[in-house]
């Protein structure tokens with residue numbers, strides 16, 4: 001669909017000439033002989049661009065700009081003004097005009113300005129769409145899990161996201177600490193600004209100060225030009241300091257000053273610059289132990305630990321393993337265009353019994369591998385890595401949880417097996433288990449069995 005342009009000018013020759021040139025470029029063009037007519041047209045229809053003279057009878061161009069701003073902030077405007085009326089053109093720009101062009105109008109110049117305006121508009125639209133996609137992808141409700149442990153994480157994210165308080169996210173490697181950091185950022189008032197992540201353990205001790213704070217030319221050997229640091233790059237947004245326990249002690253005091261005093265000094269200069277970022281840090285270590293051992297500054301620990309979000313391991317949220325496995329299965333079967341219906345009961349039991357030392361990241365990798373090797377309707381144990389084969393073998397009974405929890409796990413396994421055997425036909429499954437259909441639905445809801 002071509003862009004719609006409204007040309008407004010009381011001089012017929014100018015109005016008609018502009019319309020002719022624009023139509024040749026495949027734009028959809030309409031005309032108005034003065035501002036009042038244009039205003040009535042704008043109330044009844046929308047235009048992507050209005051090109052208007054400033055000096056017109058009935059309603060001047062400046063008045064029309066004010067009305068356009070009230071009607072639709074998305075409409076771009078170009079004003080036409082005489083060479084000696086630059087003050088009027090400047091006033092028009094202050095009133096919201098996108099650009100101006102001088103009389104006599106150079107058609108090539110006008111077409112360039114029109115094209116540029118639409119390109120900028122499309123870029124802004126694309127950016128808004130991408131920001132909405134990011135916000136949707138990192139909405140805390142999209143973090144997978146229904147366990148009590150993960151529900152508490154949702155509550156904390158919801159409570160702290162729209163504040164500027166520093167947050168310390170702790171948990172084992174692979175539990176999703178960066179995902180939580182992004183959820184905090186993209187659900188905050190800083191969501192339209194940058195999210196910058198710095199892995200403190202991945203940069204050498206000699207370079208991390210320069211990477212974080214930036215440096216001036218000549219500050220050290222190899223500093224051939226000025227360089228902005230991560231704090232500058234995150235201006236207005238969020239700086240995520242991953243593996244904060246690995247930050248060198250001499251740099252910790254400078255970070256504390258940046259957080260506390262809201263200013264920092266690039267390497268090689270004495271000029272302090274303001275800090276306008278929200279700090280979020282993460283660690284897979286026990287930072288309190290590091291403090292006791294003298295490896296981490298106590299004052300920095302308490303400054304970072306205003307809000308502590310501890311991510312549970314999969315061992316603490318076993319009930320979420322099946323949900324996560326199904327989520328990753330759906331992700332990779334779409335990527336690989338495979339028609340895999342689900343995960344077999346034996347394979348799921350192997351996943352549930354496995355000790356996930358690599359946490360969620362390991363689980364995702366296992367499911368991705370299984371999708372690669374699976375050529376049947378369901379992922380089976382044979383599609384899993386070798387260490388999972390023993391997870392399905394019977395072992396001596398060892399108590400785990402209360403009797404009620406054990407009974408629920410057993411019921412869930414029996415119902416899931418019956419559903420698979422009956423190709424997920426609930427009526428047949430109810431007959432097989434010799435229960436009513438309503439009872440089956442109730443049990444599936446109670447045990448969180450999703451098909």
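Here, each number is a calculation from the coordinates, and none is a lab measurement. Just so it is clear, the structure is predicted and the values come from calculations on it, not from any experiment. Using ideal geometry, Cβ is built from the backbone for each residue, glycine included, and neighbour counts are taken over all protein chains shown.
Structure data summary
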| item | result |
| --- | --- |
| Packing-based exposure ordering (other Cβ within 10 Å, fewest first) of 244, 37, 68 | 37, 68, 244 |
| With Cα atoms, 0 to 90° folded angle of helix 321-335 axis to the chain main axis | 50 |
| Reciprocal of mean inverse Cα separation for region 200-286 (Kirkwood radius, Å) | 13.3 |
| Ellipticity estimate at 222 nm from DSSP helix runs (n ≥ 4, -39,500 (n - 2.57)) divided over the chain, nearest 500 | -14500 deg cm²/dmol |
| Mean projected area (nm²) of the alpha-carbon convex hull when region 265-343 is viewed from all directions | 10.5 |
| Rg ratio (alpha-carbon, reference 2.2 N^0.38 Å) - region 398-451 | 1.16 |
| Peptide ranges 421-432, 254-265 listed from the most packed, as the mean C-beta count within 10 angstrom indicates | 254-265, 421-432 |
| Fewest-first sequence of 378, 213, 410 by Cβ atoms within 10 Å of each Cβ | 410, 378, 213 |
| Whole-Å semi-axes of the ellipsoid equivalent to region 144-312 (Cα gyration tensor, √5λ, descending) | 28, 18, 14 |
| Along each principal axis, Cα extent of region 314-395, largest first, Å | 35, 23, 18 |
| Coordinate range along principal axes, alpha carbons of the chain, Å, largest first | 95, 66, 36 |
| Region 4-130: equivalent-ellipsoid semi-axes (sqrt of 5 x gyration tensor eigenvalues, Cα, Å) | 20, 17, 15 |
| Degrees between helix 403-421 axis and first principal axis of the chain (Cα, 0 to 90, nearest 10) | 70 |
| With Cα atoms, 0 to 90° folded angle of helix 177-186 axis to the chain main axis | 30 |
| Region 157-214: C-alpha gyration tensor shape, a/c 1.5 cut-off, then a/b vs b/c | oblate |
| Burial order of peptide ranges 21-29, 2-10 (average beta-carbon count within 10 Å, highest first) | 2-10, 21-29 |
